[in-house]
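A.B. asks: Before anything else, here's the structure in question.
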Amino acid sequence: MEEKRYYAAIVGTGRIGFTLGFDKKREQPASHTMALLNNKRISLIAAADTDEENLESWRKYVKKHHRKNEFTLVFPTSEELYENVTCLDIITVAVNEDHHLEECLKAIEYKPRLVILEKPVALNSDEAEIIRAKAVECGVPVMVNHERRFAKDYLSVVNLIKEIGEIQSVSGELDSGLRIYGEEFEKDGAYSLLHDGTHLVDIVQFLLDARLEKPIVTGVHKDEKGIVRNFSAHYQGVASSFGVIPEVTVKMSGRSKFFEFRIEILGTLGKIVIGNGIAEFYKREESKLYTGFYSLTKQKIKFPKKTGYFSGMIQNAVDFLDGKSELVSPLEDATADLKVLEEIKAGF
């Protein structure tokens with residue numbers, strides 16, 4: 001019996017929507033377009049974008065990679081897309097953050113079987129709540145692309161946590177040269193706390209199955225223009241699936257001359273370090289340096305080289321539509337991430 005085919009469209013054919021799929025250094029697929037095309041259960045048949053050049057490049061690429069009897073339609077606006085295409089099961093919204101509210105509401109009102117929304121949900125939690133209310137009203141589920149939730153290397157950490165004893169502390173760190181926050185950037189979301197920080201707080205909360213609340217914000221550094229460049233947010237007594245964690249720290253640097261994303265989980269019997277290009281597991285073993293002491297020794301363990309972070313997200317969408325799985329990254333969790341970021345901002 002032939003499996004059901006799901007018809008999809010994408011709104012936004014820029015970087016995350018399309019062109020990151022050509023980055024030779026990234027694990028592919030690295031864009032919504034390529035991930036949708038790579039899934040045999042999905043037919044990507046339409047796109048909308050106000051950028052005519054992007055849209056034409058997308059049309060040519062998708063047409064070239066389509067299966068037999070599939071068609072490719074392009075539109076300058078999402079309104080025209082929805083007026084002319086009536087068979088969509090999946091709509092992916094991959095526009096800039098300042099257009100998430102508008103475009104996600106339009107997608108939901110079309111009433112597809114699923115909306116896939118690029119992170120963050122919106123510019124703030126108030127807008128996210130508007131999206132949530134509309135999704136409930138229309139009965140349309142929304143998945144948010146917090147990609148690390150689908151990455152096999154991060155998922156393997158959940159099982160490893162059980163081997164490092166009681167968790168003593170967790171530290172999530174993001175270092176880059178981008179501005180972390182400035183009030184004047186609220187209107188378009190062009191600041192790292194929202195754009196990158198949402199990934200950091202989301203994966204920390206996901207791995208620990210915890211909610212970060214009431215941060216103590218320290219180490220705030222502002223440049224001569226008053227833009228935040230460094231901070232640390234400390235959470236004490238965090239309840240998680242692994243028991244109460246004495247301290248969880250989320251910190252970001254916007255003055256570094258490099259990019260790093262990493263999480264360190266320290267237990268009573270070992271340590272796990274996971275991040276961009278990092279996957280390390282340490283366990284307590286008898287010390288080779290001191291008699292009667294124990295040290296942490298790096299273990300030989302195979303973390304997945306191919307993490308499937310984007311393809312895993314799309315497969316979860318298919319499994320959800322098949323009735324085989326819940327959404328791994330639901331709208332509710334992504335909205336909670338925004339509230340964490342807003343509590344941090346209050347400490348600036």
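A.B. asks: I'd like the residue in segment 80-116 that is more than 27 Å from the chain's Cα centre (by Cα) and of a type outside the set (A, V, I, L, M, F, W, C) and, out of all such residues, is most open to solvent (accessible area, probe 1.4 Å).
C.D. replies: So, considering only residues that are more than 27 Å from the chain's Cα centre (by Cα) and of a type outside the set (A, V, I, L, M, F, W, C), the one most open to solvent (accessible area, probe 1.4 Å) is 83.
A.B. asks: Would you mention how many residues in segment 173-217 are assigned to a loop (DSSP other than H, G, I, E, B), more than 17 Å from residue 98 (Cβ to Cβ), open to solvent by less than 10 Å² (accessible area, probe 1.4 Å) and in contact (Cβ under 8 Å) with a residue 60 or more places away in the chain?
C.D. replies: 3
A.B. asks: Run down 63, 119 and say which single residue is surrounded by fewer than 19 Cβ atoms within 10 Å (Cβ to Cβ) and within 23 Å of residue 39 (Cα to Cα).
C.D. replies: Answer to the selection: 63.
A.B. asks: May I ask you to list pairs of residues, at least six apart or on different chains, whose Cβ atoms are under 8 Å apart, with the first in segment 240-267 being within 19 Å of residue 199 (Cα to Cα) and the second being among the hydrophobic types (A, V, I, L, M, F, W, C) and open to solvent by 70 Å² or more (accessible area, probe 1.4 Å)?
C.D. replies: What qualifies is 254/178.
A.B. asks: Only one residue in 286, 264 is acidic (Asp, Glu) and more than 30 Å from residue 331 (Cβ to Cβ). Which one?
C.D. replies: When all the criteria are applied, what remains is 286.
Conditions (1) among the charged types (D, E, K, R); (2) under 20 Å from the mean Cα position of the chain (by Cα), marked per residue:
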residue	(1), (2)
26	yes, yes
30	no, yes
42	no, no
45	no, no
54	no, no
58	no, no
62	no, no
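A.B. asks: Within segment 218-228, take every residue that is open to solvent by less than 60 Å² (accessible area, probe 1.4 Å) and part of a loop (DSSP other than H, G, I, E, B) and give me the one that is farthest from residue 153 (Cα to Cα).
C.D. replies: Only one residue fits best here, namely 226.
A.B. asks: Look through 73, 55 and report the one residue that is touching a helix residue (DSSP H, G or I) at 6+ places or on another chain (Cβ under 9 Å) and either on the phi < 0 side of the Ramachandran plot or not β-branched (Val, Ile, Thr) (or both).
C.D. replies: One residue alone meets the criteria, 73.
A.B. asks: Please work out which one of (1) more than 28 Å from residue 151 (Cα to Cα); (2) hydroxyl-bearing (Ser, Thr, Tyr); (3) touching a residue at least 60 places away in the same chain (Cβ under 8 Å) is the condition residue 290 fails and give its number.
C.D. replies: (3)
A.B. asks: Any idea how many residues of segment 115-150 are over 13 Å from residue 336 (Cβ atoms) and part of a helix (DSSP H, G or I)?
C.D. replies: Residues that pass the stated criteria total 14.
A.B. asks: Does residue 57 satisfy being part of a strand (DSSP E or B) and not aliphatic (A, V, I, L, M)?
C.D. replies: No, not satisfied.
The values are calculated or read from the model by the stated rules, or taken from the named source; none is laboratory data. From a predicted model like this one, the values you see are computed outputs, not experimental measurements. Quick reminder, even Gly has a Cβ in these numbers, built from the backbone with ideal geometry, and neighbours come from all protein chains shown. The area values use the complete protein model at the heavy-atom level, side chains included, leaving out ligands, DNA and RNA. Shrake-Rupley method; radii C 1.70, N 1.55, O 1.52, S 1.80 Å.
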